[in-house]
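These notes concern the structure reproduced below.
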Amino acid sequence: MDLTLPRTSPESPLDHTAMLLVGHPNVGKSVLFHRLTGTYVNVSNYPGTTVEVSRATARFDRALSLLDTPGVLSLPGRSDDERATMRALLHEELRLAVQVGDAKNLRRTLTLTALLAELGVPMVLALNMSDEASARGVAVDHKALSEVLRIPVVPTIATGGSGMQPLIDALDVAKAPAPLLHYDTDTEAVVQEATALVEELAPHPRLASRGLAILFLGGDSEVEQWLQEKSGDDYARLVALRCAADAASSEALAARLAAERGRAADALTKTVMDQSAHLRRPMAQRVGQLAVHRLWGWPILLAVLYVVYELVGVFGAETLVGLFEEQLFGEVLNPAVTDFFNRIFGAGWFTDLFVGQYGLWTMGMTYALALILPIVTTFFLAFGVLEDSGYFSRLSVIANRMFAMLGLNGRAVLPMVLGLGCVTMATLTTRILHTRRERLITTFLMALAIPCSAQLGVVLGLLGGMTFAGTVIWAVTILFVLLFTGWLAGKLVKGRRIPLVTELPPMRLPVLGNVLKKTGGRLKWYLIEVIPLFLLGTFIMYMLDRLGILPWIIRAGEPLVTGWLGLPPEASAAFVMGFLRRDFGATGLFALSSQLSAEQAVVGMVTLTLFIPCIASMMMIIKEQGARTAALMVGMIVPTAFLVGGILHQLLRIFW
Amino acid sequence: MSNREHLRLIGVPVGSKIRLAEFDPALDPLQREQLLAYGLSVGHPLEVLQQSPLTVVLCDHVEIALEHAVASDLWVEKLPRHAP
């Protein structure tokens, strides 16, 4: 049967509007998405960059909506991001799918093709990173592969734009792939029985019943849910069939199905792929191995941290902030704006609202643009380079032992490192973790003890300029709190620890254009999110001051802030500001720096670092974990922050 | 499968070319599924790149890091040094 997409039939799949990009993690789906739509989504060199489906209109067909899905390690889906891809397959009006595969790892690509083929969706296979495959001596016979699969197979290099036009042309002749295998007799009988049941109880408008049956038998929770909704009470018949099949063999049915698909992919790979012998190991591989070496890994990590510190803590927080805050804003902009308001409106509440102590310009905009912006810019640049180099994945290997103490594995390092950029986005990235337990502990630790880039920059700016020992005490205290509370959480949260198994993507030289694009995108997002919040925070401070509430809060907070933490009474204002954003509070403390001793600066920054997560992070935690869990977290985090700050104050009084 | 002796992956020297012989029954089924998804299937050739702090194997040009708890549940057989 010819399944080529007819262009004119009124009942053709052309009535459907979506094209899905699907594939393993870190194979270049998002770069391809950018090439095909012009819409930039975040692209990085580690698995799990995309955790939600992105959508944009195709450049070459304005009626076609392209969907970039999170990478799937395997289907049936097990993690949240795999489930997101399965939801897209089930619920989108699919016209066709493009499977993006890693050309140098054809066997794995074809294992996924074997499953997608069962779903009967018209497909094109884009074998991406074909340059990396060639560099490793891998040659794929695309024509032969296309003949076996009976779908177009196109070699691409998405980062360089190569193969894009042939890929677009191939979309017109997308076809449902030929099945790669028939399972062994017993398994095949179960598959056929389940297929008949799905066909009878819950036929899908676009996906083949056989594919859904295989996914159901493999335990895909999204397919289970869909079938349950459609088949009602009869769903029990499907469950009974699966239970019986599972009981009939010593090996789990899901594993049997996956193993057979793997064998079929292996056989086909051997037929269409040629591997040159005696190639030298690529330099990138040797560098990558050094980065996770049991001895060399640590000095490399220290060197990376030192370079980041020099760029963010010294160049960003000292040099650039000095230029912006003292010279541009302090000597030029703020006097000019103040003069303007005084001349036009005279002294009074309105002028104060803009250029007073809690003025929207002199406080809100100055904090956001002069203090925070230079710091986050340098941080995002450093972060982008590290992301694209492939180093972050290697951190998960180095940090695995430490994370094992927290009941997690090294995979949790990725959200935490991303949290140093922005805790809000990183909370979303916890979806790459496999269990709810891992996601809960990681989210809690990030909300408690991971400072975002803006806050980190302010901390480095204040403490770095004041006392190196203070910076070390701050870092050690935060690390101790992170490890201790993580250890406690690991003991208290039910569930078992999953040992680490992870892919290490190749080390690559970051492409400057991509790093700059990402930095630009993040800065835009930062400005959109932060400036309104900073202005709102400043306005609240202004109103509290105007209504006489701020002095009252300062007096009321005195026993805690002055008595317990040993800070000047005015620091209460920083904590009020911290309720909106921790970095806003930290900046408030920064502004008080001339009144603080080194000990007070350390205690204040430790307490504010551990203080309540910002409003945006809270919203994300509520979205991901629910309101009750979020409230519980806040209930634990705020007292912990003051407890740790107070204990540190007492210790420093004795020993420093 | 050949009749070479089976060793636990965790005990194989760095640089060895090996073939995955079998999964230990003690291995968690979900973890086994994950390994299969990474391409670690029975009979497939691998190269041991590292054993510390984690076991790292090269599988079809992709490096896979495995915690020792997992590597000790993988039985492998060594291939001759000149194997491709």
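The values are calculated or read from the model by the stated rules, or taken from the named source; none is laboratory data. Since the structure is predicted, the reported quantities are computational estimates derived from the model, not experimental observations. Backbone-built Cβ (ideal geometry, glycine too); neighbour counts: all protein chains shown.
What to note about this one:
- The set of residues from the range A:83-109 being within 23 Å of B:Asp60 (Cα to Cα) and either of a type in the set (Asp, Glu) or in the same structural domain as A:Asp220 (by TED's automatic domain parsing) (or both) comprises just one member, A:Asp102.
- Residue in the range B:14-36 that is touching a residue at least 12 places away in the same chain (Cβ under 8 Å), in contact with a Lys or Arg (Cβ under 7 Å, 6 or more places away or on another chain), more than 9 Å from chain A (Cβ to nearest Cβ) and assigned to a loop (DSSP other than H, G, I, E, B) present: yes
- Here B:Val62, B:Val42, B:Val76 are screened, and the one residue that is in contact (Cβ under 8 Å) with a residue 12 or more places away in the chain, in contact with a strand residue (DSSP E or B) (Cβ under 7 Å, 6 or more places away or on another chain), more than 9 Å from every other protein chain (Cβ to nearest Cβ) and more than 22 Å from A:Leu408 (Cα to Cα) is B:Val76.
- Checking each residue in the range A:95-120 for being farther than 25 Å from A:Asp131 by Cβ and either facing chain B (nearest Cβ under 10 Å) or of a type in the set (Gly, Ala, Ser) (or both) picks out A:Ala114, A:Ala117, A:Gly120.
- Taking the numbered list (1) outside the structural domain of A:Val321 (by TED's automatic domain parsing); (2) under 24 Å from B:Gln34 (Cβ atoms); (3) not basic (Lys, Arg) in turn, A:Leu512 passes all entries but (2).
- Filter result for the condition that a residue is surrounded by fewer than 24 Cβ atoms within 10 Å (Cβ to Cβ) and part of a helix (DSSP H, G or I), over A:Leu373, A:Leu414: A:Leu373
- Set side by side, the residues A:Leu463, A:Leu488, A:Leu433 differ, and just one is without any contact (Cβ under 8 Å) to a residue 24 or more places away in the chain and of a type in the set (A, V, I, L, M), which is A:Leu488.
- Candidate set from the range B:45-59 (those that are within 9 Å of chain A (Cβ to nearest Cβ) and either among the aromatic types (Phe, Trp, Tyr) or part of a strand (DSSP E or B) (or both)); member that is surrounded by the most Cβ atoms within 10 Å (Cβ to Cβ): B:Val56
- Of all residues making up the range A:35-44, the number that are buried (at least 24 other Cβ atoms within 10 Å of the Cβ) and modelled with pLDDT of 65 or more: 1
- Out of A:Arg281, A:Arg286, A:Arg294, sole residue that is in contact with a Pro (Cβ under 8 Å, 6 or more places away or on another chain), basic (Lys, Arg) and either free of Cβ contacts under 8 Å to residues at least 40 places away in the same chain or surrounded by fewer than 18 Cβ atoms within 10 Å (Cβ to Cβ) (or both): A:Arg294
- When A:Asn128 is tested against the conditions (1) buried (at least 21 other Cβ atoms within 10 Å of the Cβ); (2) at positive phi, the lone failure is (2).
- Residue match in the range A:577-589 (condition: assigned by TED's automatic domain parsing to the domain that holds A:Leu462 and surrounded by fewer than 16 Cβ atoms within 10 Å (Cβ to Cβ)): no
- From the list A:Ser389, A:Ser393, the one residue that fits, being under 21 Å from B:Ile64 (Cβ atoms) and touching a Leu at 6+ places or on another chain (Cβ under 7 Å), is A:Ser393.
- Looking only at the range A:64-93, and only at residues there that are in a loop (DSSP other than H, G, I, E, B) and over 25 Å from A:Ala252 (Cα atoms), the one that is nearest to the other protein chains (Cβ to nearest Cβ): A:Pro70
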